[in-house]
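What follows is one structure encoded as structure tokens, with my remarks underneath.
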Amino acid sequence: MVTDPASTAAGHERRVPVLSGGAAGFEAVERTFAQMVQDRAEVEPGAVAFCQWDGTRPIPTTWAQYASAVREVALGLVVLGIAPGNRVAIMAPGRTEWVVTALGILSAGAIPVGVYPTSSAAEVRALVEHSEAVALVVGSDADVEKVAAVAPELPALGAVISFDGVPSGLPATVVSTTWADLRETGRAHDAANPALFGELLDVGHIDQPAALFYTSGSTGAPKGVTHTHRTLQYSVLGGGLLYPASLSSRHDSIAFLGLSHVSPALSGVFGPIMTRAVVTFCRLDQYAEALRGVRPMGAVWPPRLHEWLLSDALTALKESPAPFREAYESAMVTAREVAAARGRGDAVPAELQARYDHALEHVFLPLRAKVGLDRAEVAWTASGAMTAEVQTLWQMWGLDLRELYGTTETCGWVLAQWDRSFPPPGTVGKAMPDPRFAITTSSEGELLVKGPLLFRDYWNNPEATAEAWDGEWYRTGDLVEIDASGEVKLIGRAKDIIITSGGKTISPQPIEVRLKASPLVEEAVVVGDGRKYLTVLLWPTGKGRGLDADELRDGLRAWIEELNADLARPLQLKDFRVPPRALSAGELTAKGTIRRAAVLTSFSAVVDEMYSAAEHDEFALQARLQS
């Protein structure tokens, strides 16, 4: 255990990082994240804090360099007039400057607000206006253009800071500067006022807001979720339970998703301050090379990213020499035997385990190395439903891919498959192994959560805040089933429930997940609220789009017929359509979640056509039967 000598001398032993002593019995420490960054720099100045991928290798930043840059940003913001409690928004892809800026904002006593870099100008205006942000940090000229288009409508916005260039096109009332100039200003202010930074840090408290994360807006207007330093400490604790080794030794990972999302921010911004995690940031178009270069020791990604990498690995397999492909086929025979034993809950016989170990060493690990996942033993997925085939194949290849569950309001994970290796697909696990993390269900089957990591409130939205709580329990909005062992299965969203005109209550998501298991189906939206029966809108994959119209239609129909054979009659799909265009930004949230109401509005004519057409088909069928 490393301790901070200054605090020890004052009679307060402090671990650096604070979770280095392990997760058991952890209680939030009276340190803000801004204070903890400076603690790390004081105790281990030369240790690596994070890295940036430069196209060929990770370039490290030490804790001393990190803390110095944070200090400069904080004091630069003070010169711009940023006061404690102000909100400062950041709209940029994930990069090291994002992290430094967020901690600089916190060090100045202000609150960072994440804005998705894919946001439209109207969405930027809405989030900046709602959060009442007084400054906005952007990552590119395209981001500046969005801000310039709406800045006249944002009277509270006083400054725009750009990572990459001088912002232009803004009103005269808005100060424009670069991030480099902001830091230079901060250095000069520090030289003239050397005690100021310490004074700013000293007034920080762990129950002050540490971040505003905006929800994706899948069920309405995005809400600003307020997390404090205290709640985020317990969120990091939940992450530490997933990778206990990261609490005591270096744990490499990579980050290429936007840090405005709560999960990447937890693992990329806040988690490393309290653990030994070292994150390498890269652009999305660099993820493949960065993965191979860093060889991360773990990952928490949405299902789609696990699918991408699986596809990349299979492509690499097809391009491998014939002897390796033959060895793979033989190895898969063994892997399937192991998977079957695991599925039955049986111990794997020693002889079979020996064959599998050989296959892992000579086939599966070399194959995983082609996508940079040969060092990872356990990986996690969240933020969407994982198809069974994807999870099963990764597990056959020796990567223990598991599911977990959290929301923007929990920030950290409250459910995970933490208690067993290579779990079967279909659940998101159990409550975390800490008595303070508790779950139950409402009489309607809605998952309720209790724990010290729960959000404080929705920013400037007391009505929504009140609706989110049932006493001390947070209402997740997710419908679940919990078995006798405590395993939780998600069955749908409370607000996504379909009630047919016959009164049948149906959750569409399990059907949609099964539909997307087809190589022809990219996205599916089941329809039927207020209707006599269910139908579905289907968007094809690249493979599907490569077929001619008749082949695609026949393939989709055959898949639906196969699926219907396994569904109860009220759940069967009576018809389908392929909409005339792809889903647009207004029909998807920033993280790619379907906005169901928007989709149904946009394609209402297509939906109506299905029902009238299906009814006429039924009339024709009856007529033929009568004749």
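Looking at segment 154-241, the DSSP beta bridges with both ends there are about 55 percent antiparallel. Could you list log10 I(q)/I(0) for the chain at q = 0.06, 0.09, 0.10 Å⁻¹, which the Debye formula gives when each Cα is one point scatterer? Listed by q, the Debye log ratios stand at -0.35, -0.80, -0.98.
Packing here is the average count of other Cβ atoms within 10 Å per residue, and on that basis the peptides 137-148, 426-437, highest first, run 137-148, 426-437. Couplings 3J(HN,Hα) of segment 84-92, computed from phi: x, x, 4, 9, 10, 8, 10, 10, 6 Hz, in residue order, whole Hz [Karplus 6.51 cos²θ - 1.76 cosθ + 1.60, θ = phi - 60°; x for Gly and Pro].
For the chain, give the share of DSSP beta bridges that are antiparallel, in percent and rounded to the nearest 5; count only bridges with both residues there.
Working: 40 of 75 bridges.
Just about 55 percent of them are antiparallel.
Would you calculate a helix-derived [θ] at 222 nm for the chain, using -39,500 (n - 2.57) for each DSSP H run of n ≥ 4 and dividing by the full residue count, to the nearest 500?
Values: 23 runs with 243 residues, N = 627.
Taken over the chain, the calculation gives -11500 deg cm²/dmol.
For segment 12-110, the convex hull drawn through the C-alpha positions has a volume of 136 cubic angstrom per residue. Out of Ser443, Tyr356, Val521, whose Cα points farthest toward the positive end of the dipole of the chain (charges: +1 Lys, Arg; -1 Asp, Glu; placed on Cβ)? Sorting the options by dipole projection puts first Tyr356. Summarising the label geometry, the points placed 7 Å from Cα in the beta-carbon direction at Ala24 and Asp285 lie 5.0 nm from one another. For Glu522, the residues whose amide H sits under 5 Å from its own are Trp539, Thr541, ignoring neighbours fewer than 5 places away on the same chain, with H placed 1.01 Å from N. Under the simplified labelling scheme, the Ile499-Ala568 pair shows an inter-label distance of 1.7 nm, with each label point 7 Å from Cα along Cα→Cβ. Listed values for segment 188-193 are Karplus-derived 3J(HN,Hα) couplings in whole Hz (6.51 cos²θ - 1.76 cosθ + 1.60, θ = phi - 60°), namely 5, 5, 5, 4, 7, 9, and x replaces Gly and Pro. Given a cut-off of under 8 Å on Cα pairs at least six residues apart, what relative contact order in percent is computed for the chain? The normalised contact order for the chain reaches 10 percent.
Normalised by 2.2 N^0.38 Å, with N the number of residues, the alpha-carbon radius of gyration of segment 320-405 equals 1.12. Of the whole protein surface, Lys574 contributes about 90 Å² of accessible area at a 1.4 Å probe radius.
Using a Förster distance of 35 Å, how high is the FRET efficiency between Ile491 and Ala149, based on the Cβ-Cβ distance and rounded to 0.05? Mind dumping the intermediate values first?
Working: r = 42 Å, r/R0 = 1.20.
Taking R0 as 35 Å, the efficiency between Ile491 and Ala149 is 0.25.
Taking each residue as 0.36 nm, the span from Glu351 to Ala517 lengthens on full extension beyond its C-alpha to C-alpha distance by 56.4 nm. Along the axis of the charge dipole computed for the chain (Cβ charges of +1 for Lys and Arg, -1 for Asp and Glu, origin at the Cα centre), the listed residues Ala89, Phe281, Ala245 are led at the positive end by Ala245.
For the chain, give the magnitude of the charge dipole about the Cα centre (Cβ charges: +1 Lys/Arg, -1 Asp/Glu; no others), in debye to the nearest 20. Could you put the intermediate results ahead of the total?
Details: 56 positive and 75 negative charges, 79 e Å.
Approximately 380 debye in magnitude.
Whenever you get a sec, line up His362, His261 from highest to lowest accessible area (probe 1.4 Å, protein heavy atoms). Don't skip to the end; give the middle numbers.
On the way: His362 95, His261 40 Å².
Correct descending sequence by accessible area is His362, His261.
FRET efficiency for the Arg325 to Ala464 pair, using the beta carbon distance and R₀ = 56 Å, is estimated at 0.55. Think of each Lys and Arg Cβ as +1 and each Asp and Glu Cβ as -1; about the Cα centre, that makes the dipole of segment 406-455 roughly 180 debye. Within segment 268-375, the GluC sites (Glu not before Pro) that combine a DSSP coil assignment with at most 10 other C-beta atoms in a 10 angstrom radius are Glu319. Projected onto its three principal axes, the C-alpha set of segment 555-601 covers 35, 20, 19 Å, listed from the longest axis down. Note on Lys495: accessible area is roughly 150 Å² with a 1.4 Å probe, heavy atoms of protein only.
Between the amide H of Ile491 and those of Leu479, Val480, Glu481, distances stay under 5 Å, these residues lying 5 or more places away or on another chain, with hydrogens modeled in the peptide plane. Taking only alpha carbon atoms, segment 273-327 gives an Rg to Rh ratio of 1.07, where Rh is the Kirkwood radius. With a 1.4 Å probe and every protein chain left in place, tell me how much accessible area Ser267 has, in Å² to the nearest 10. Roughly 60 Å² of Ser267 is accessible to a 1.4 Å probe.
Can you give the FRET efficiency for Arg57 and Thr178, using 1/(1 + (r/R0)^6), R0 = 45 Å, r = Cβ-Cβ distance, to the nearest 0.05? Efficiency at R0 = 45 Å is approximately 0.95.
Rounded to a whole number of µm²/s, how large is the Stokes-Einstein D of segment 146-276 at 10 °C and 1.306 mPa s, given Rh as the Kirkwood radius over C-alpha pairs? Approximately 87 µm²/s, per Stokes-Einstein.
The label point for Val333 and the one for Leu365, both projected 7 Å from the Cα toward the Cβ, are 2.3 nm apart. Other residues within the sphere of radius under 13 Å centred on the Cβ of Leu196, judged by their own Cβ, net out at -2 (K and R +1, D and E -1). Scoring 50-62, 292-304, 232-244 by mean Cβ neighbours within 10 Å over their residues and listing the highest first yields 232-244, 292-304, 50-62.
The values are calculated or read from the model by the stated rules, or taken from the named source; none is laboratory data. It should be emphasised that the depicted structure is a prediction, and the values quoted were computed from it without experimental measurement. Cβ atoms come from the backbone with ideal geometry, glycine included; neighbour counts cover every protein chain shown. Heavy atoms of the whole protein, side chains included, go into the accessibility calculation; ligands, DNA and RNA do not. Shrake-Rupley method; radii C 1.70, N 1.55, O 1.52, S 1.80 Å.
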